[in-house]
Each structure stands twice: as C-alpha cells, then as structure tokens.
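What follows is a short report on a single structure.
The values are calculated or read from the model by the stated rules, or taken from the named source; none is laboratory data. Computed from a predicted structure; not experimentally measured. Cβ atoms come from the backbone with ideal geometry, glycine included; neighbour counts cover every protein chain shown. Note: accessible area is taken over every heavy atom of the protein model, side chains too, but ligands, DNA and RNA are not part of it. Shrake-Rupley method; radii C 1.70, N 1.55, O 1.52, S 1.80 Å.
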Amino acid sequence: MEYVSPEGLRLDGRRFNEMRQIVAEIGVVSKADGSAVFEMGNTKVIAAVYGPREIQNKSQQLKHDRALVLCEYSMAQFSTGDRRRQKQDRRTTELSLVIRQTMEACILTELMPHSQIDIFLQVLQADGGTRSACINAATLALADAGIPMRDLAVSCSAGYLNSTPLLDLNYVEDSAGGADVTVGILPKTDKMDAKLPMETFETVFALASEGCKAIAERIREVLEENTKQLEYRRAA
Amino acid sequence: MLQSKVFNKKTRGGRIQKQVREVYLRDDIYCGAFACKSCDTSAARLSSPKIIVLDTNVVLHQIDLLENQAIDNVVVLSVVLDEVKNRNRSVYNRIRALCSNPAKQFYVFSNHVHKDTYVQAMERESANDHNDRAIRVATLWYQKHLGGTSQVLLVTNDRENKRKATEEGISAETIEAYVKSIGQPDLLDLLAQPTAEDITMEDADDSRPSKRKLVYLEHKPMSEITAGLHRGIYHQGKLRVNRFNPFEAYVGSESIGEEIIIYGRSNMNRAFDGDIVAIELLPRDQWQEEKALSIAEEDEDEDDTVHLAPNSADDAPRISSLAQETSGDKNAVPARPSGRVVGVIRRNWHSYCGSLEPMSLPAGSGGTAHALFVSKDRRIPKIRINTRQLQNLLNMRIVVAVDSWDRQSRYPSGHYVRPIGKIGDRETETEVVLIENDVDYSPFSSQVLACLPPLPWSVSSEDVSNPVRQDLRHLLVFSVDPPGCKDIDDALHCTSLPNGNFEVGVHIADVTNFVHPGTPLDDEASKRGTSVYLVDRRIDMLPKPLTEDICSLRADVERLAFSVIWEMSPEAEIISTRFTKSIIKSSAALSYVEAQARMDDSRLTDTVTTDLRNMNTLAKIMRQRRIDRGALTLASAEVKFQIDTETHDPLDIGMYQIREANQMVEEFMLAANVSVAEQILNQFSSCSLLRRHPTPTREMLEPLLRTAAAIGLTLDVSSSKALADSLDRAVGEDPYFNKLIRILATRCMTQAVYFCSGDLTPPEYHHYGLAAPLYTHFTSPIRRYADVFVHRLLAASLGIYKLPTVFQDRPQLTSVADNLNYRHRNAQMASRASVELHTLIYFRNRPTDAEARVVKIRSNGFIVFVPKYGIEGPVYLTAKGEKGAGDWYVDEEKQKIVKMDGSLSYSVLQTVKIHMEVVEPQPNRPKLQLTLL
C-alpha cells in the first residue's frame, strides 16, 4: 500500500513532517483538581487529576519520602466506532503503567510525601497516537492542578513507512505494520512495535523529538493563555 | 484548512462500518506550468500553452496512446490516479512511470487536497459522479488560474461528463477528436476500440449476420459472484490455458482442492489466460459430453506443434486424461470435475505479440480496415483490430493490446500498439521471444550507468588495506567455464596442507562491492532478476562494464571476490569453513574442454593440473556421497548450436556434452551454496533467501510410473534415494534408454524455487533434487540477483555490512523472492523459445531424417522425442481430417497404439525413424512437421 504518494503527500494530505491539528483545553472537569482535553486530529483524550491528597490505600505506599502517583487509562466504548469490550486487557494495563512511569518521573514527588496523585485518562475518540495524546493531556491536567513538575512532559509518535519517516501517525498509518516510535521528551519513554535499523531509527527519533518540541510549545501557549485568564479573573 | 471525509466501508468480517478520515487542504500545491506567475515553478513540468487534463476512462483505456510521444503537456489529477489504481494496477504503474519520466511532460496535480479544488461529496452522489465533478472543478480551476496564458482542454470519453463540462464553460473533447486534431493519422491506430455498449451506431455497417448473435453467456454481476463465492456455488481461481491446446483450461481452486477443467471457448466465456475467474461446476453427467465437444471444436485451429522437450512438470502439457478417455475405458479413470466461467474477477490483459491474419487489401487504401490479429502465444485467441495502415502491417510482427470482449463477438477487440519488425527476420523473432516472456532488454538508463565505478577500474590501495578484505593474491586461483564465457563469476583454488588435508577455496565475484542497496543500479538488477541467455545473445542483468570486466574474474588481473574456504580431509570431509572478502588474481581462465584435457593428459605435471586433479578426486567423493544421500541425477535435453559468426544463423545442432570438469566445478559450487545457506540461516533465521525443491507427489510421478510399467520396469518413488537407485538400475540394451527415463522423470517434477525462510517451516526448506536440507544460490552474482541478495546476507552475518532495510520487511522480501522466481522462469522460457526459433531456422533449408523415441501414445498417433536435436513433437498415424477414425486403437496398459488388423504397432520408448521438415500450413506460423518414414 502507498502511504506517501510520489508527490510527497500522505493519505490525509499532510507532508511527512506535519502534525495533525492540535486542540487543547484546560479545566473541563470542574470537580477534579486539574483537567484537560487534548485533541490531535481525530484522537481525543480527556484527563482528570485528583491530588495531591491523602493516601487512600496505605498498603500501596512503598516509599514514605515521596508522593504516590497512580494512573488509570481507559478507552471509552464509543471511541473506535465499533463496540469494545470494557475488560482490562493487557494493552490497557501496559499503557497505564507507561503513562504512570512517565508522569512519576516528571512530577517532583519528593515535595509531596505521604500523599497520592491520581491521574484518570479516557480516550474519547481514537485515531492513532492515543499514547502520545494521553501523556500530553496528563501534562496539561497536572499543570492545571498546580502540581510541581520538572518540565512539561510531552510526547509525539513517528513511524517509518514506504521508506519515509512520518510524523504523528494516524490510525491508518499506525496499523500499516511499520515501525513506530512514541517519544516522550524529558523522561524518555520510547516504545517500539517493529524493528528498525539504527540509522533509520535515529532519523525517526529525531523527527519525533521535533514533534515533541512543537507540542511543548503549543502546550506552553495554552497554559500561558490559561494563566492570563486566571490573572484576569483574580483582578476582576 | 481541515475537512473530514465520511464514508462507509465494509470490513473483512462483512460488517458495514462508518469511517471518518481527516483531509488537510493545502495551499502549497502548484499548477506545474512554467508560464504561471503565482506558483512556485521549481517542480513545473508543463511548458506548452496547450494543456490537457485527462479523465479516468481515457487513462484506463488509452494508455498505449498516452505513451506515444505525440501526447504531452498533460495534467494527471490525483483523483484520476486513485481511481486508476483501484481499477487496474498495471495501467497505474504505467501512468506513474509516464509521470516520472523526465522526457514526458506529465504533471501530477494533487487536486484532492488542494484548497480550491477539493470537492465535498454530495448527498446521494455516486463515487463516479463525485470523481467526474472533481475533475471538472480542477479543470475549471486550471482555466481560471492560468487565465490567458494557456489553453486548457479536458479530454474525456464519458458523454455525460463532456456535456456537463461544456455547460460549465470548460472546453472538452473526446480522445478521438483530440487525436484527429493533432493531425497524425498513425496515432489513430493506437486508439482503443470503444465497447459495443458505448456505440450502437457502428453495428449498422457490420452486415455479417453471425455478429448479431450472442456468442457467449453473460458474465454475472460482481455482487452475485461475491454472494455465490460465499455460498460455495462458485469457485474462484486463476485460469491457466493449456499451452498445447488453447481450448482447454484449468482453474486451480482452493475451495475444491483440485483442478477444474474447462473445455471449449464457450465455457471459458471470454476469459484469458491468467485472469482471476469465478467458475461454476457443471453437473457430473456433462463432464464426459463436454470432452467430445472439445475435440470437435479443435478442428478450427491447428494441432500440437513440435516443441523442445520440456524440462519440468511446469512446462509439460497435462493432456494425459484426454488421451485416455478417448481410448474407450471410461470407467477406469475417474473423471476430473469440469466447469464453466461465470465471471471474470480480475483481467490479466496485457499486450501480445503476433501478426495479422493475411487478407486482401481493401479497395480504397488509407481507410480503416478490420483485421484479425493472431498472437504468437497460442493460448491467446485471435483479436480484432482496426487499422489504417494495413499494407504496412501485413508482413510485420506487431504488438496489440486487448480492449474489450463483448458477448456478440467471437473474438475480443483490441488496438495496434507498435510494430516490431519483419516476420521471419531473426532479430524480430528474437525480440518477440523477449517481449512474450516479459524480459526487459532495453539499454540501461543513464541513472543506472551513473552508479558504475569510473573506468578503467582496478583494485585500489584502499581495497588492499581494507581490514575485512583478505589478500589472497598469492594463491593459485583459476576458473573453469564454458568456452567464450565473459561473465566469469567463480574461480577455484586447491592447495595441499602440510597435515595432508587440502585447502579448497571457491571465489565468487564480489558484486555487492559495486552494487549497493537502494541505488538505481540495484533497483534495475532486482527488477531484471537474472541475465537471459539466448542462442545468439545475452541480456545482462548488470551493465556490461560490470558483467564483463570489473566483476568478471578474468585471468591475470586482480579482482575483488567473496571467498568460501574449506579445509578438507583427503576423504573430502569438510573440517572447517570460513568466509571472507578477498582479493584474488586468477592465473588461468580455462574452458571445460581445456580443463578436461589437462586432467586427462598424464604427461602434464604443472601445479594447475595437479590442483585440478586433486579437486577432481575430492569432487568425485563428494558427488558419490551426495548420490548416496539420495541426490537425483536428472537429465535434460539441452542442445548446443554452432552459430555462423557472420550471419548468426545456426550451422549445426547437437546435444550438450557434459564432462567430468563440468561436474567437478558444479560439485564445489553446490558445496559453497550449502555452506553459505547454513551460515546465513544460522544468523538470520527469518529473513534468509533460500532455494527449495518440493518433493513431487505420487500423482505427479504417475505418467512416469505408467510408462515404466508398460515396458516392464518398476520404479520405487517412495523417496528421492529410492528413485535415484531405481533410475540407476534402469538400463536397457539401448544406450540412450537410461537418459530417456531420466528425462521423463525430470519432467514430472516441479522446478526449484526461491523463498524467504520466514515464510515456511524448516522441513519445507528441503531441496529434493539435491537431497540437501538447505540450499541457496551464492555462486553467480553477476547473472542472478538472488546471489546478490545472498551476498548481502552473508556479509551481514560476518559483520561486514549492516543488513539493508529490505530484510526487515517480510512482505517485501517475499515479493522479491516471487519476482526472482517469475524472472527465472521467464528467462528459461525465453532461452527455450530462442532455441526453438533457431531450430526452426536450422531446419528451414535442411529437411532431415532422424532417429526418434516414442514418449507418449495418443489416440491418433504418438509424441516422439528426437534426442539428437532435443525436440519433441507429434507424429500422426491418421490423416488430420479423420480424427479418431478407427484404424488404430490404443492399448492403455501396455502404452501401445495398434493397427486394427494387428499388423503394426508402436509402443512407448520404441525407436522409430522420422523425417523432419519445416512446413507452413498457416501463413506466418512456420512449424516443424514430423512424419514417419
């Protein structure tokens, strides 16, 4: 199958180094301490953060000098168009763990001992790159909750199809079976599905990193905009 | 700008699913005209102020015309490309090739993502209408965009589209009108014929009454076929027409598990060889009746012709059942299911080589004439074409493409594509052979030639100092090849070691040092797959400087090589194996004859000769061991021509003689291939390229067993070892008897094939003929691409290079292996066809008597094999008209044909005297006729 035409256009009209449209919004769940909706094209993820709060299940606490980060990832049953079984499958568990580890590395947990932070993520609409969208949404929600972080953890995927590195794969490109890397910047979380030779991997990785930087910029803009709003409201 | 595309799609499970896809509309897509002021013209292609935009139907049907250089300055819209891709892959590849050809001015305009030409699907609009509208919108955009600077013309054969375009203010033309306006009448011949549904007027001037009749049954609509396949009443498969009888075809269907026979043109229902068809089984009681019918119909065309003796089951005709059943014992043989075609799922139409059926010129010259085209390939029916240059074409070989075949006409209609040359001309006929077998014989492009190292090339100091390359120039290396061989890809050495063992080395030309993955040179070689050897010329896989000079391991020059070096005990046991890149200097390029003469001449005691003798001793032991393991010594009827150096006409034909020296070289090459196969599979268990030879099933060996039984010979076919042993035992008083049996055995087996190790399980890797669990091709990288691939694998396994990315991609690897098999087979067919052609030329002025052996009994004669010339053909006992007339009857059990009064009989493997002569029963199709003396 031809994923990139000889004219250099992908199936949806993007070029190899172009991301899908990003839409981000903060404060969508008023009950939560922090929340955000993050969209990359047709992929849409909602994140809600509770905490830092008292540890609810003491037995889970392993280290007393830092906060406990918990993460729950799920996909809405309507997210893919056909009916999904809700069961906690292996993919879901793995994703929860990856996101949790990424966010744990990013949050300054040692500042909040004896407390826990819950991150809830739900995919509302899936069209490839949900892993990245989740990390980005979680970052926004954490920032919204005012949880101290080392930096903005952002993520973007890139793949390699038709001998071309491609940024931000959508579902069709993702399911083509080529290699794809999800890169999270700051604490590195890269994850690969298929094998790539080292040189190609480096170009794909570099492309994904560029994508991450662009996303970080966009997230910063959203946060700054939000801060301005807060400032304005306080003044009012 | 962001748009969403919403559509419904049927999933593999059969459910309907709504799909939503994003479409990003762009403002950086340029019109591609140099004259444009507002666009970026760096990638522009269109220089003329007259621009044409093509509709899908024009691209699909008139691709031959578009390839003509008179058609230029064309905008190809992306929606058109998409639709063409879905409808016909081969046309898509051709139009893509046109778009990327720098000599043509074809520009691809991605209208589907351009912000001004994007067309949102309307409610209740069919996909076809939507595309037509998109084409009109894009044309209109071009007209407005380029304004006064250029004239834009939409070329469409869709009447409705043309009408709407004119209404919207677009200038539109049909392709016929456009071609007429160019003013080159020759081009009109290239136009594809419109189908009968498109023109109803035309029928009026065709007064033949038979034309009006419906000749064929209707093809079922696609929806019905899909439903029928689902319910199991229809079966899907690829139609293969019998090479020896165009009225008989087979469909191998997975759902039935055995081959279904289709008799007669009306049951084939307009399907061509290679088409994917849906078939319906005929009721069991019709299975016999259909057969009688097929024989009657056969009279219309000619019968079997003389061919070269086939080499494997793949080329052999499968007509055994037909011959048996006409012989009378209907109950003895289970009838094979027969069926008829109800629809064609995918056409395999391409262009065909042949000539026009002779006809008188129509009165007024210059007008259009209807002519019948007869293809060289007998599996293809005659094709009706219209031409305006009949008198030029009558004595030419031409290429014709098929356009359509409707129910009213007995023959498909097509159009003329290009001439090849005069009929009977050796050059022309050779070109026909190449085209028929899909061999690319065009000269290498400049991009490919640019990849060659600068000439004159010699081993550089960097090569010498390269740590992965071992300097083996001190070794006494020599090569043994056929006389006059210029592409020497293997050389050998053999030295005695102090401990009594031998060091034996096989040095193979280091082609991968010059052919790097991903370069145009590599792509071209991969596409060609193999060099093709014809009687009078060679079609190279790699450009000549590489083939004959840089890579060729010629005598007395330093060359780069990839070496396999063994330490062998005097009993030819391999003690150790190592692989290395090397530099060698061959000291002698011997021919087989020279090598043999040296070995036989006991006076010679020079080092080369002693080395040769040592190697020969080792080779003999290895060969014996291989035979003990069960390797088959198969025979084929290879012939050798002596060609006149001036006229290139064949002077003499004879069987190819195999000497001990041939076997010696072969033995070491086999050993090298096996060693390499082990090494690469060990390192890359899922992506190695290997070669396997499937074990023949008992069914396939049936004809051999029947023949053997008839002459009182029992063959044990339980294993290759058992077969090899019983073949050894089969010696009669006739010195040629054993070879004949071996030839028959070879013919029952399929050919060996390349495959990717990840696609099969290890027991399937087995090579039956060589009785080797693993085998690959490593030793001829100059002339086979598979070997280039294996060189890369071996180099990667030694850590010399990294493995190219192709090897990560299993489907691509499989497709490479498939292409290699296809090319390899075509190359073989082409060389056979070339030999056949030269045989015909040879016998044209030399009617000859020869001794022949009967190999198969038919109801009205028998098939003979002429060992001296390696040809095979029918001898008729009854005259052609009175077929099946009862003078003769066939004794099936004894494989005998006996005259009714018992006075004369011929049995299988009997020696007969025949007379061979070239006759031309049908014009332009000369053939060799064999008659009994």
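The Cα atoms of region B:536-642 give a gyration tensor whose axes a ≥ b ≥ c have a/c under 1.5, which makes the shape rounded. With a simple spin-label model that places each label point 7 Å from the Cα along the Cα-to-Cβ direction, the separation between B:LEU25 and A:ASN17 comes to 2.6 nm.
The protection proxy used here, the mean number of other Cβ atoms lying within 10 Å of each residue, ranks peptides B:599-607, A:41-49 as follows, highest first: A:41-49, B:599-607. Applying a threshold of 23 Å to the alpha-carbon distances of B:LYS620/B:LYS739; B:LYS856/B:LYS894; B:LYS37/B:LYS115; B:LYS544/B:LYS868 flags B:LYS544/B:LYS868 as lying beyond it. Solvent exposure of the protein assembly as shown, expressed per residue, is 46 Å² of accessible area, with all protein chains present and a 1.4 angstrom probe. Summing Lys and Arg as +1 and Asp and Glu as -1 over all other residues whose Cβ lies under 10 Å from the Cβ of B:TYR906 gives a net charge of +2.
Normalised by 2.2 N^0.38 Å, where N is the number of residues, the alpha-carbon radius of gyration of region B:392-476 equals 2.08. The Cys residues in chain B with no partner Cys Cβ within less than 4.7 Å of their Cβ are B:CYS31, B:CYS99, B:CYS353, B:CYS451, B:CYS485, B:CYS494, B:CYS551, B:CYS687, B:CYS748, B:CYS756. Given axes a ≥ b ≥ c from the Cα gyration tensor, I'd like to know whether region B:456-506 is rounded (a/c under 1.5), prolate (a/b larger than b/c) or oblate. Verdict is oblate for region B:456-506. With coordinates expressed along the principal axes, the C-alpha atoms belonging to the protein assembly as shown extend over 123, 93, 64 Å, beginning with the largest.
Per-residue shielding of A:38-51, expressed as the average number of other chain Cβ atoms within 10 Å of the residue Cβ, stands at 1.
Projecting label points 7 angstrom from Cα along Cα→Cβ for B:SER602 and A:GLU2 puts them 7.2 nm apart.
Computed per residue of chain B from DSSP H runs no shorter than four, each worth -39500 (n - 2.57), the mean residue ellipticity at 222 nm is -9000 deg cm²/dmol. Here the simple spin-label model places points 7 Å from the Cα toward Cβ, and for B:ARG231 and B:HIS516 these points are separated by 6.1 nm. Here the gap between A:LEU97 and A:ALA176, fully extended at 0.36 nm per residue and compared with their Cα-Cα distance, gives a gain of 25.9 nm. In plain terms, if you count all Cα to Cα distances in chain B and split them into 10 Å steps from zero, the share in each step is 2, 10, 17, 21, 21, 16, 10, 4, 1, 0 percent.
Ranked by the mean number of other Cβ atoms within 10 Å of their residues, highest first, the peptides B:659-665, A:5-11 come out as B:659-665, A:5-11. The antiparallel fraction among DSSP beta bridges confined to region B:2-183 stands at about 40%. Interface between chains B and A: roughly 1700 Å² of accessible area buried, both sides summed (probe 1.4 Å, protein heavy atoms only).
Around the amide H of A:THR43, modelled in the peptide plane, lie the amide H atoms of A:ASP127, all under 5 Å away and 5 or more residues distant in sequence or on another chain. Once the partner protein chains are put back, region A:11-33 shows a loss of at least 10 square angstrom of accessible area, versus the chain by itself, at A:LEU11, A:ASP12, A:GLY13, A:ARG14, A:ARG15, A:GLU18, A:ARG20, A:GLN21 (probe 1.4 Å, ligands and nucleic acids excluded). The B:ARG706 and B:LEU372 beta-carbon pair, evaluated with R₀ = 56 Å, returns a calculated FRET efficiency of approximately 0.85.
Taking all Cα pairs closer than 8 Å and separated by 6 or more residues, the relative contact order of region B:680-802 comes to 39 percent. Protection proxy ranking of B:865-873, B:774-782, by the mean of other Cβ atoms within 10 Å over each peptide's residues and highest first, is B:774-782, B:865-873.
For region A:22-235, the number of Lys pairs separated by eight or more positions or lying on different chains, with C-alpha atoms closer than 28 Å, is 17. By the Stokes-Einstein formula, at 1.306 mPa s and 10 °C, region B:695-749 with its Kirkwood radius over alpha-carbon pairs has D equal to 142 µm²/s. Taking chain A as a Gaussian network, Cα atoms linked when under 10 Å apart, which of A:ASP151, A:ASP65, A:ASP168 shows the biggest mean-square fluctuation? Fluctuation is largest for A:ASP65. If you take the beta carbon distance between B:THR931 and B:ASN128 as r and set R0 to 45 Å, what does 1/(1 + (r/R0)^6) give as a FRET efficiency, to the nearest 0.05? Computed FRET efficiency for B:THR931 and B:ASN128: 0.15. Extension gain, B:GLN184 to B:ARG538, is 123.8 nm, computed as 0.36 nm per intervening residue step minus the present C-alpha separation. With a 10 Å cut-off around each Cβ of B:793-799, the average count of Cβ atoms from other chains is 0.
Other residues lying with their Cβ under 9 Å from the Cβ of A:GLN116 contribute a combined charge of -1, Lys and Arg counting +1, Asp and Glu -1.
Counting charges near A:ALA24 (Lys, Arg +1; Asp, Glu -1) among other residues having Cβ under 14 Å from its Cβ returns a value of -3.
Computed from the Cβ-Cβ distance with R0 of 56 Å, the FRET efficiency linking B:LYS802 to B:ASP901 stands at 0.10.
Under the criterion of Cα pairs below 8 Å and six or more residues apart, the relative contact order for chain A equals 21 percent. Peptide A:168-175 has a mean shielding of 1, counted as Cβ atoms of other protein chains within 10 Å of each residue's Cβ.
The percentage of C-alpha pairs in region A:22-235 whose separation is greater than 31 Å is 20%.
Ligands, DNA and RNA left out, the 1.4 Å accessible surface of the protein assembly as shown is 50% carbon and sulfur atoms. One Cα centroid belongs to region B:818-856, the other to region B:501-532; the line between them spans 29 Å.
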